[in-house]
Amino acid sequence: MDFDWSPEEIAFREEVREFIAREMTEEVEGSIFIDTPPRIEFVTKMGKLGWLGMGFPEKYGGSPNPFPLAQFILNSELDRSGAPIIGKNVGTIASTIFNVASEEMKMEFLPMIFRNEGQWAITYTEPNAGTDLGSMQCRAIDKGDHFEVTGMKHYITSAHFCRWHWMALRTDPDAPKHKGISIFIVDHDSPGLSLSRMDTIGREGTTHRTNQVFFDKMKIPRARLVGELNKGFYYMMQALDYERFAILSFASRVRRFDHIVDWYKNVDFEGERPSDDPNTRRSLARMAARVEVGTMLERMAICKAQYEVPAVEAAMNKAWGASIGDEFAQLSLDLMGPFGGLWGGEHSPFEGGLADEYLMAGHARVAAGGVDTSKAIIARRLLGLPNALDKPKLPQR
Amino acid sequence: MDFDWSPEEIAFREEVREFIAREMTEEVEGSIFIDTPPRIEFVTKMGKLGWLGMGFPEKYGGSPNPFPLAQFILNSELDRSGAPIIGKNVGTIASTIFNVASEEMKMEFLPMIFRNEGQWAITYTEPNAGTDLGSMQCRAIDKGDHFEVTGMKHYITSAHFCRWHWMALRTDPDAPKHKGISIFIVDHDSPGLSLSRMDTIGREGTTHRTNQVFFDKMKIPRARLVGELNKGFYYMMQALDYERFAILSFASRVRRFDHIVDWYKNVDFEGERPSDDPNTRRSLARMAARVEVGTMLERMAICKAQYEVPAVEAAMNKAWGASIGDEFAQLSLDLMGPFGGLWGGEHSPFEGGLADEYLMAGHARVAAGGVDTSKAIIARRLLGLPNALDKPKLPQR
Amino acid sequence: MDIKLTEDQTQLQDIASKFMDNHCTFDFVRKMEKDEGFGFCPDMWKQFADMGWLGIIVPEEFGGMGMSTLDMVVLVREMGRHLCPSPYLFTSVLAADVIAQAGTRKQKAALLPEIVSGKTIYAFAYQEYSRFFKPEHIKLQAKRDGDNFILNGTKLFVEFAEGADTIVVAARTGKANSQSGLTLFLVDRNSTGISIKHMPTMSRDRHYQIDFNNVEIPTSARLGKQSKGWEALEPSLHKTVIAFCAYTNGAGFEMHGYATKYASERVQFGRPIGQMQTIQGYLAQMIMELYGADMLTMFSAFQIDKARHTRGYVAKAKAFSAETVGHVMDVSSQIFGGMGYMEEQDTTLFLRRGKQYQLALGGTEYWEDVIAEEIIDREPVVLT
Amino acid sequence: MDIKLTEDQTQLQDIASKFMDNHCTFDFVRKMEKDEGFGFCPDMWKQFADMGWLGIIVPEEFGGMGMSTLDMVVLVREMGRHLCPSPYLFTSVLAADVIAQAGTRKQKAALLPEIVSGKTIYAFAYQEYSRFFKPEHIKLQAKRDGDNFILNGTKLFVEFAEGADTIVVAARTGKANSQSGLTLFLVDRNSTGISIKHMPTMSRDRHYQIDFNNVEIPTSARLGKQSKGWEALEPSLHKTVIAFCAYTNGAGFEMHGYATKYASERVQFGRPIGQMQTIQGYLAQMIMELYGADMLTMFSAFQIDKARHTRGYVAKAKAFSAETVGHVMDVSSQIFGGMGYMEEQDTTLFLRRGKQYQLALGGTEYWEDVIAEEIIDREPVVLT
């Protein structure tokens, strides 16, 4: 057992930190909820350093992986500093293309992703298919050399600035629902594709835009089918295990918690110092232990990741991280008295940022399958219990 | 809206209090977990005052009900003082006999119950039929003038001192499981009936004895069938709504909480007074509000009970009461530091009584269907949601 | 004992419910959030007056309806169900009550009818720069200067201050850092030296910081005895807090209803999500909490009407209602999944209010301290 | 970074696991609860010695195995899985460590080999009549009297005191109510003036009150410098606390395993109860907590071995492990339904220990205060 980073891991971390110190600007940091040109440019610079294609063959634009945990260290440092992390483009799209797509498709798209040319949207969810992705109904009708799509998707987060959609569509309406879905790469400029804006809750200028995406007889060339027809659901699920792990670095939560502790240490309510108040102290202490547990579960996941995809550990990370995020978004406001209700202005700690976090904290509990889904994954895959949503399954005697 | 007791309610409460002050001895109070001769005698005295048969016709040994809430007031005062409450004998057995049994059976058993002659056991549960009573398998085979029983029941709490069993048995193994159960009154002295002791967790002398009850070709005369054949499950369920309400007076919890607060007010750890400690104060305050909510939910149930059986309110009482009981059994020990682990002796608060309560607090959460079952009742009956244990039920469009 | 509403209360509730259904729609609430006026609707205020609501607890001799706290609470709960934005609580509960209790005969005769008619709108300036809600923390100074008092200091979280005519100000005239030594004043909102600044909140309602810079007010503006302000204020404050509990409980019930409806209609994995045990558990837990909060609130109102010692009950009602409204808005939003966090979704109006309501008028922490004082430091009061 | 056990650790764990499976059965644990001896098994102690476990962290030069804290913790976790009753923690962790760190060359040479061989058993007398675990609260007085010290006072919760040969006593020789001014002594359990009284606990283990009534001990019994007792004790105490966390985590994992197995076998309403969402939620939540507590414990042990500042980690590990063991024993018992509360059911051995373990060696409250000191009052230590 060795909890310390190796010298080469430390060296790489220093390299990342230096990059961040050099390239990070307020515009990059100040827009967690929106992808902006400065953020995209920042990622492109990482691409130039070979950090996006780490571990992929050089012929696809990849670069050697210095060691197994490099990508985690990179993401963790990015997350800690509020920079954009290496997320879905590499974790979901590039990985799936590399694993299942044709040589042609690999050559066309992987180098582009690793250079950060052209943004991507993950276009899965529909009004009746959220957590239950297998229920998606939006159809791609096989017309021989192309597929034709009429219908809609919603909650598509990067659609308003993307170049490509990584899209799941129903290709066989008669098959069992998990066996009739396929993945396509769809050009955002395709005729027949249109958008309608949906915003998350928040102050003006800080909200996260998502989109409804409408298709009216949109054509997708057959060459843009990813991997095999009707295997899409399995590709999605495989990617999800990895994504749950890759996207959920705990570092930003630790950083936010540290900021909150700092605030309570330094604020002075005309003589009343919260950091002298036994209840405030106890509450922060309790939360500190729970935040630390998050870093520990994350360590567990990354150590496992050196050997295999840490599906169960990633589910724990997700469940614990989202629960803790909610708990401390709540707690940090609760300890502030009426100031916790403020959403900006002179007396609002962090200029309303904590309120924003509070408002979206519940969202983290339900997003990407949600805490309850993660617990169900733990129950099934780690504890070996039958799926609660299946028919009753009597134990084998 | 009138939250005050009426003058006649207050007068009756005074009468009950005087009775308790007069008749209550240490032996009656000191044995909450065991039914003893002094406790039985105490109940018999209440029978003489007509308090057991309140609301039942005089020809069955009943007495006029002074007003709708009389029984609640009686139970609440008894519970508050640690005396035995009017529970299953009246709430489940007498009520069911009165509602469904033959005139002969009423004449034979009701007066006996109202005089507290002969104790009763509720003999329902089996190893494979706990919460899920419909799954009971112990069979009563119809032999014409009698039924024959071979099999067993367990967790039968009063079996070792009872005169009669109020017993549910399967009478039709081929019918759907809820439609093949009947209720019988079984003489404890029946040949073929035997007992084996099971004790709950606890210090010597304070444990609650329950029993396994075995039947070997035991005969039950046909005349002892209660109501109609194969209607037993419905009788049991009807009685449960009432029982949940009747048995769960919140008064004893309030009393215990008050005792705990008193202890914290008066204890002195060589100069450290917990009641000066901000965290202890806050914890007790928080618990006080939650205990008060219990008294409020109880008020809601008893007000409803003046008009109908408060099934949903009783489920709330049960769920809240058991959860709160657990919470404060935990809290009261948590605040004591290592002294919370003591189970008697000089330094043990309440001579180990709090530890006993802690150990059985979880039991209250799972007993009589449990907190989760109560929540399911609330979800179905109050919120109109479909049973989670049924097949998926799509909404009507 | 009976918790059924009286016929009159049922009627009041029905009228209020219908009025709110018609006039206080989600569109209306959103409009008021973005309103360039004062964040409430003067026409609606006029209608409140016409229905007699503004004087609901004002004694009949001053033109009011002379109804009970319990009646008022039934009405306010309906306002809460619809998130109705209005200066009702501080005008028709706090100001009306404290004037009726502490005002001189002359003040009552002059001021109460103007509350009833809707002519005067009040705001309440109490909270200062403190996490807590204690009278000890009030520092705003009122200094006697001949026939005047001069006010200097800052108040925070004064709701609807900009739309109000008169501000009830709790100021210090005596010993610092103490419950005693406070005096109440009725200050004209347009007095020289007052400057008002908006404080943005999650619910996009109208809270303000008021800076008092040598504000001169006549001694006749004093309400109640000098340096006995807390004694005058506390009972009215309790009544206001209980009304606020009713408001937040109403909002909680409404949100819970939306979540229950959604759960019974939203199908995932071949069944309504409301058929899943975890969702049922969330909804059942929340409805218990709401009933508990509601009963505690009603019970406190009843005890207030009986003029009994109710500080402990008020504190329990507020602490528990606060926790409940925060919890219900949070968990109910989660039941809606991602949709619960989209601006266009009407339930976000409730989510944005949950935590703010929880922390308003003294957060859980403050009221838990009060409960502790009541259960630990004073002898128990036996209620019948 | 890698959290896989080393080969040696895996081997140690396997050996320990097999030994415990064979010797520390539930029947054995029950027998020890009712034991008329000292509540542990001298033969088993001898076997511990034979396997080298008693000297696991004792330096090799004194006959020990000179292994790391992390190694020791792996072993103790297996003991915890089986609820093994023995004076291991206070003999082979606390006493062995504090003697090795603070003892004179002569003390080490004389005492450590006797720990390793199993000849001397130690108890630890620290806690007094306080809810907390602070050194400030130690009052037991040690007064110099010529060549002797005279001890007067009372210690509580001294585990296995009656079966011990020597008691490590933390006594006050200096300033009252302070961390400083303590001195450690190694006191012969049979000294004149010592009286021992059993303190009954939920786990039916062996805790004792010790009254010291003018107990005379030679100055040579002093361990470490006079009035520097806390400085000498704290690192060893941290190591012991972490070992205790490993013990309770082991117990928690074991209980969780039983509950999971039961849930997958127990059929109600036509399905195993483990197929129900609520039961899955309970089990999944608990296993996350257990992994978290275990990782925190292992990480703290690792940091101790690296001789880094670990007070904050130890505090977090203890606070969280404590909460976890209480929670796991409680909720797991509930999964067994009524059976979880029957004396004859073996899982009640775990239930009876949950809360007591939670509160032992400083409850959550004490360690949360330590965390607060670390995160608020001192500058953060950056760990690599």
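Are there trypsin sites (Lys or Arg not before Pro) in segment D:215-258 that DSSP puts in a loop and that have at most 14 other Cβ atoms within 10 Å, and which ones? Mind showing how you got there, number by number?
On the way: sites: D:222, D:225, D:228, D:239; in loops: D:225, D:228.
Here the sparse-neighbourhood loop sites are D:225.
If neighbour count is taken as other Cβ atoms inside 10 Å, put A:59, C:316, A:265 in order from fewest to most.
Numbers: A:59 10, C:316 31, A:265 14.
Fewest-to-most Cβ neighbours within 10 Å comes out as A:59, A:265, C:316.
Taking every pair of distinct Cα atoms and averaging 1/r, then inverting, what Kirkwood hydrodynamic radius in Å comes out for the protein assembly as shown?
Numbers: mean 1/r = 0.0279 Å⁻¹.
One over the average 1/r among Cα pairs gives 35.9 Å for the protein assembly as shown.
Assuming a viscosity of 0.890 mPa s and a temperature of 25 °C, what translational diffusion coefficient in µm² per second does Stokes-Einstein assign to segment B:120-229, Rh being the Kirkwood radius over Cα pairs? Show your work: numbers first, answer last.
Numbers: Rh = 14.2 Å.
In µm²/s, the coefficient is 173.
Span-like helices, chain C: DSSP H, alpha-carbon axial extent 30 Å or more, mean Kyte-Doolittle -0.5 or greater, which ones?
Values: long enough: C:229-265 (53 Å, -0.17); C:277-305 (42 Å, 0.46); C:311-335 (36 Å, 0.08).
Passing helices, by number: C:229-265, C:277-305, C:311-335.
Could you name the residue in chain D with the C-beta closest to the rotation axis that superposes chain D on chain C, along with the separation in whole Å?
Axis-proximal residue of D, distance in whole Å: D:277, 2.
Any idea how far apart residue D:117 and residue D:147 come out in nm if each label point goes 7 Å out from Cα toward Cβ?
So the two model labels end up 2.6 nm from each other.
For residue C:43, go 7 angstrom from Cα along the Cα-to-Cβ vector, then report the distances to that same point in the other copies in nm, smallest first.
9.3
How big is the gap, in Å, between the Cα center of segment D:158-230 and the Cα center of segment A:1-22?
Cα centroid of segment D:158-230 versus Cα centroid of segment A:1-22: 48 Å apart.
Would you report the distance distribution of C-alpha pairs in segment A:1-89 as whole percents per 10 angstrom bin, up to the bin with the largest distance?
For segment A:1-89, the pair-distance distribution reads 16, 49, 28, 6, 0.
In segment B:120-229, what % of DSSP beta bridges are antiparallel (nearest 5)? Intermediate results must be reported in sequence, preceding the final value.
Details: 29 of 34 bridges.
About 85 percent, rounded to the nearest 5.
Express as a percent, rounded to the nearest 5, the fraction of DSSP beta bridges in chain B (both residues included) that run antiparallel. Don't skip to the answer; put the middle values down first.
Values: 30 of 36 bridges.
Of all bridge pairs located within chain B, approximately 85 percent are antiparallel.
For chain B, what is the calculated [θ] at 222 nm in deg cm²/dmol (nearest 500), taking -39500 (n - 2.57) for each run of four or more DSSP H residues and dividing by its residue count? Display every interim value, and only then the final one.
Details: 12 runs with 168 residues, N = 397.
Helix-only estimate at 222 nm: -13500 deg cm²/dmol.
Per 10 Å bin, what percent of the C-alpha pairs of segment C:124-227 does each bin hold, from zero upward?
Answer for segment C:124-227: a P(r) of 17, 51, 28, 4, 0 percent.
Given that compact globular proteins tend to follow 2.2 N^0.38 Å, what is the ratio of the alpha-carbon Rg of chain D to that value? Intermediate values should be presented prior to the final figure.
On the way: Rg = 20.9 Å, N = 384, 2.2 N^0.38 = 21.1 Å.
With N residues counted in chain D, Rg over 2.2 N^0.38 Å equals 0.99.
Only counting other Cβ atoms within 10 Å, I'd like A:77, A:117, A:351 sorted with the fewest neighbours first.
Values: A:77 21, A:117 13, A:351 16.
Starting with the residue having the fewest Cβ neighbours, the order is A:117, A:351, A:77.
Given D:28, D:163, D:69, which one lies farthest toward the positive end of the charge dipole of chain D, if we put +1 on the Cβ of every Lys and Arg and -1 on the Cβ of every Asp and Glu?
Positive-most Cα among the choices belongs to D:163.
Gap in Å between the Cα centre of segment B:329-373 and the Cα centre of segment D:47-115?
Here the two parts' Cα centres lie 35 Å apart.
Nothing charged except the Cβ atoms of Lys and Arg (+1) and of Asp and Glu (-1): what's the magnitude of the dipole of segment C:34-159 about its Cα centre? Round to the nearest 20 debye.
That gives segment C:34-159 a dipole magnitude of about 400 debye.
Percent relative contact order of segment B:248-382, based on C-alpha pairs within less than 8 angstrom and at least six residues apart? Display every interim value, and only then the final one.
On the way: 125 pairs, mean separation 30.7, N = 135.
Over segment B:248-382, the number comes to 23 percent.
Modelled label-to-label distance, residue C:18 and residue C:106, 7 Å Cα→beta-carbon offset: nm?
4.5 nm
In straight Cα distance, which lysines are under 19 Å from residue A:231, not counting same-chain residues fewer than 8 positions off?
Excluding near neighbours in sequence, the set is A:106, A:143, A:177, A:179.
Given Cα pairs under 8 Å that are at least 6 residues apart, what percent is the relative contact order of chain A? Each step should come with its number before you reach the end.
Working: 624 pairs, mean separation 50.2, N = 397.
Value for chain A: 13 percent.
Against the longest alpha carbon principal axis of chain B, how many degrees, from 0 to 90 and to the nearest 10, is the axis of helix B:232-247 turned?
Orientation of helix B:232-247: about 20 degrees from the principal axis.
Roughly how many nanometres apart are two label points built 7 Å out from the Cα toward the Cβ at residue C:178 and residue B:107?
8.1 nm
Test of understanding: extend the Cα→C-beta vector of residue A:150 to 7 Å, then name every residue of segment A:170-199 with backbone N under 16 Å from that spot.
A:170, A:191-194
Dipole magnitude of chain C about its Cα centre, charges +1 at Lys/Arg Cβ and -1 at Asp/Glu Cβ only, in debye to the nearest 20?
Working: 40 positive and 47 negative charges, 140 e Å.
Once rounded to the nearest 20, the dipole reads 680 debye.
Can you find, among B:116, B:100, B:135, the residue farthest towards the positive end of the dipole of segment B:54-161? Put +1 on the C-beta of Lys and Arg, -1 on that of Asp and Glu.
B:116
For residue A:14, place a label point 7 Å out from Cα along the Cα→Cβ vector, do the same in each other copy, and report the separations in nm, one decimal, smallest first.
Computed spacing set for this position: 8.8 nm.
Once the label point is placed 7 Å from Cα along Cβ, list for residue D:344 the distances to the corresponding points in the other copies, in nm, shortest first.
6.5
Please turn the phi angles of segment B:285-291 into ³J(HN,Hα) values with the Karplus equation 6.51 cos²θ - 1.76 cosθ + 1.60 (θ = phi - 60°), one per residue in order, whole Hz, x for glycine and proline.
Per residue, the Karplus-derived 3J(HN,Hα) values read 5, 4, 5, 4, 5, 6, 5 Hz.
Under the rule a/c < 1.5 gives rounded, and otherwise a/b versus b/c splits prolate from oblate, where does segment B:80-154 land using the Cα gyration tensor? Provide the component values of the computation, followed by the final result.
On the way: a/c = 2.38, a/b = 1.26, b/c = 1.88.
Taking the square roots of the gyration eigenvalues as a ≥ b ≥ c, segment B:80-154 is oblate.
Could you pull out the GluC sites (Glu not before Pro) across segment B:281-320 that fall in loop regions by DSSP (anything but H, G, I, E, B) with no more than 15 other Cβ atoms inside 10 Å?
Values: sites: B:292, B:298, B:308, B:313; in loops: B:308.
Qualifying residues, ordered by number: B:308.
Just the Kirkwood number for chain B, please: inverse of mean 1/r across all distinct Cα pairs, in Å, one decimal. Spell out each step's value before the answer.
Details: mean 1/r = 0.0440 Å⁻¹.
Result for chain B stands at 22.7 Å.
What is segment B:324-397's relative contact order, in percent, from Cα pairs under 8 angstrom and six or more apart in sequence? Present the calculation step by step, with values, prior to reporting the outcome.
Details: 49 pairs, mean separation 15.8, N = 74.
Here the relative contact order equals 21 percent.
Please order A:17, A:286 by the number of other Cβ within 10 Å, starting at the fewest. Please report the intermediate quantities before stating the final value.
Working: A:17 14, A:286 21.
In order of increasing Cβ crowding within 10 Å: A:17, A:286.
Can you give the charge dipole size of chain B about its Cα centre, rounded to the nearest 20 debye, using +1 on the beta carbon of Lys and Arg and -1 on the beta carbon of Asp and Glu?
On the way: 46 positive and 55 negative charges, 322 e Å.
In total the dipole reaches around 1540 debye.
Helix B:37-48: angle to the longest alpha-carbon principal axis of chain B, degrees 0 to 90, nearest 10?
Roughly 70 degrees between the two axes.
Which one of C:187, C:129, C:149 is farthest out on the positive end of the charge dipole of segment C:124-227, using unit charges on Cβ (Lys, Arg +1; Asp, Glu -1) and the Cα centre as origin?
Projecting each Cα onto the dipole axis, the largest value belongs to C:129.
Restricting to the protein assembly as shown, compute how many DSSP beta bridges are antiparallel as a %, nearest 5. Provide the component values of the computation, followed by the final result.
Working: 128 of 150 bridges.
The antiparallel fraction comes to roughly 85 percent.
Coordinate-derived values only; no laboratory data. Computed from a prediction, not measured in an experiment: that's the story for all the values here. A quick note on method: Cβ atoms are made from the backbone with ideal geometry, for glycine too, and the neighbour counts reach across all protein chains shown.
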